[in-house]
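**Q** My structure is below; once you've seen it, I'll send some questions.
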Amino acid sequence: MLTQQDAFSIGIVIHDFVFGGSERIAIRLANYWAQQGHPVVIFAGASDGEMQNLLDPAVHLVIAPQPLCRSASSMTQLARKAAQYFRKNPVKACFVPGNYHWPVAYHLGKLPVKVRPVILTQISSPIYKPGRAAWAQKIFNMRMRILLKKSDRLIALDCTTAQQANELFRRSVTEVIPLPALCGSLPAPRMPDAASLNILAAGRLTHAKGFDLLIDAFESVSRRYPSATLTICGAGPDHQALQDLAARKGVQDKVRLTGYVTDIRPYLDEARLFVLSSRREGYGAVVLEALAAGRQVITTDCTPAARDFVACCEAVHVVPVGDSSALAQAMIAVLGKPAPDSQTLADAVKPFAIDCGGQAYLLLMSSLLARARKH
């Protein structure tokens, strides 16, 4: 573990504080690094969003002049502004939190050597996605090579992605660091109430998250188990449409939309199982949170997290993307059997604690900085 004498400054760039997996992990890492004694600055394109109150007071927050609204070109604009800021206010290392923020790595990499930080860029989504056309994959690969060519290290969340990235760049440029999605002081998991048939889901209420498919599937579940309920935590533009869908399916009294919540752990403690119904997803950090709470997970085949834990057949069940019938069958099957031991599920995700991932990043940054000093 690094000591106070080893402390170095770290920069992170995010678009805003609207709920998203990559942004949430970036905030968690920023808080952890600041608590370890490192000066940390977050440069954000805007102060919008629910998650700003999660930021530790020790983290220095800078909002871009003339705040940016999300648009097709806003991330490129933010990357330029971030590079200008860090040129005038240099830091030793910068963390780029995921695919959406890749333009930041490109523009930071163009800074003069004297002020250029060590750049660590995370690959937060699969490089090769099922259903992507061959021409689209070629464009993706070309964009990835261009935007990340100046990064000192790429950070993959699993070994398969690391191997694919190294093959794309034709050299060893990638490290594997498990997603630091879990707080270091999580409460011990508890077994779900034997009578509980509450199903939990969480995420931004958008088409990509597939909550319409989940409500459609839940209609079948409620016919089989009339006391079953569905709770969806999250805010977003599809809120009213999902309420209307639940009413059309006749399950409006059994479906609860909570709005945005800071912490889903209390909801997990009351749930029997967690469902990730997404049409597309990054790593799916919420899967780790559910397992840490000792809850079984049903997920569409939209996330590498499914491959990491599917070997533990009691923990994670995978169904095809977009198949509400398969989703319903999986939920009915899980609810029909006794819950597995919660502690066993929680133990499976210990490597994903912030202490492990946060330190792994610090050690890698320290190593790259030491190498840069020698040159």
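The values are calculated or read from the model by the stated rules, or taken from the named source; none is laboratory data. As the structure is a prediction and not an experimental result, all values here were calculated from the model. Positions of Cβ are generated from backbone atoms using ideal geometry, with glycine treated the same way; all protein chains shown enter the neighbour counts. What goes into the accessible areas is simple: the full protein's heavy atoms, side chains included, and nothing from ligands, DNA or RNA. Shrake-Rupley method; radii C 1.70, N 1.55, O 1.52, S 1.80 Å.
**Q** I'm trying to understand the selection: among the residues of region 49-66, which are surrounded by 14 or more Cβ atoms within 10 Å (Cβ to Cβ) and either more than 21 Å from the chain's Cα centre (by Cα) or without any contact (Cβ under 8 Å) to a residue 24 or more places away in the chain (or both)?
**A** Ala58, His60, Leu61, Val62, Ile63, Ala64
**Q** Could you grab me the full set of residues in region 335-349 that are open to solvent by 70 Å² or more (accessible area, probe 1.4 Å) and either within 22 Å of Thr229 (Cβ to Cβ) or among the β-branched types (Val, Ile, Thr) (or both)?
**A** Within region 335-349, Lys337, Pro338, Thr344 meet the criteria.
**Q** Determine the pairs where a residue that is under 25 Å from Arg28 (Cα atoms), located within region 357-375, has a partner that is of a type in the set (A, V, I, L, M) and surrounded by fewer than 17 Cβ atoms within 10 Å (Cβ to Cβ) with Cβ atoms under 9 Å apart, the partner being 6 or more residues away or on another chain.
**A** Going by the 9 Å Cβ cut-off, the qualifying pairs are Gln359/Met1; Gln359/Leu2; Leu362/Met1; Leu362/Leu2; Leu363/Met1; Leu363/Leu2; Ser366/Leu2.
**Q** I would also like to ask the following. In region 143-152, how many residues are surrounded by 18 or more Cβ atoms within 10 Å (Cβ to Cβ) and either at pLDDT below 95 or not aliphatic (A, V, I, L, M) (or both)?
**A** Of the residues in region 143-152, 2 are surrounded by 18 or more Cβ atoms within 10 Å (Cβ to Cβ) and either at pLDDT below 95 or not aliphatic (A, V, I, L, M) (or both).
**Q** Quickly run through region 73-95 and pick out the residues that are within 21 Å of the chain's Cα centre (by Cα), hydrophobic (A, V, I, L, M, F, W, C) and more than 21 Å from Tyr32 (Cα to Cα).
**A** Across region 73-95, the qualifying residues are Met75, Leu78, Ala79.
**Q** Within region 99-140, which residues are open to solvent by less than 70 Å² (accessible area, probe 1.4 Å), in a helix (DSSP H, G or I) and within 21 Å of Pro304 (Cα to Cα)?
**A** Asn99, His101, Trp102, Ala136, Gln137, Phe140
**Q** Would you please list the contacts, defined by Cβ atoms under 8 Å and residues six or more apart or on different chains, that run from a residue in region 169-181 that is over 30 Å from Ala292 (Cα atoms) to a residue that is among the aliphatic types (A, V, I, L, M) and exposed (fewer than 14 other Cβ atoms within 10 Å of the Cβ)?
**A** Sorted first by the residue in region 169-181, then by its partner, the list stays empty.
**Q** Scan region 152-206 residue by residue and report those that are assigned to a loop (DSSP other than H, G, I, E, B), β-branched (Val, Ile, Thr) and farther than 25 Å from Arg256 by Cβ.
**A** Passing the criteria: Val173, Ile177.
**Q** Pick from region 207-243 the residues that are assigned to a loop (DSSP other than H, G, I, E, B) and more than 27 Å from Val18 (Cβ to Cβ): which of them is least open to solvent (accessible area, probe 1.4 Å)?
**A** Of everything passing the filter in region 207-243, Ala228 is least open to solvent (accessible area, probe 1.4 Å).
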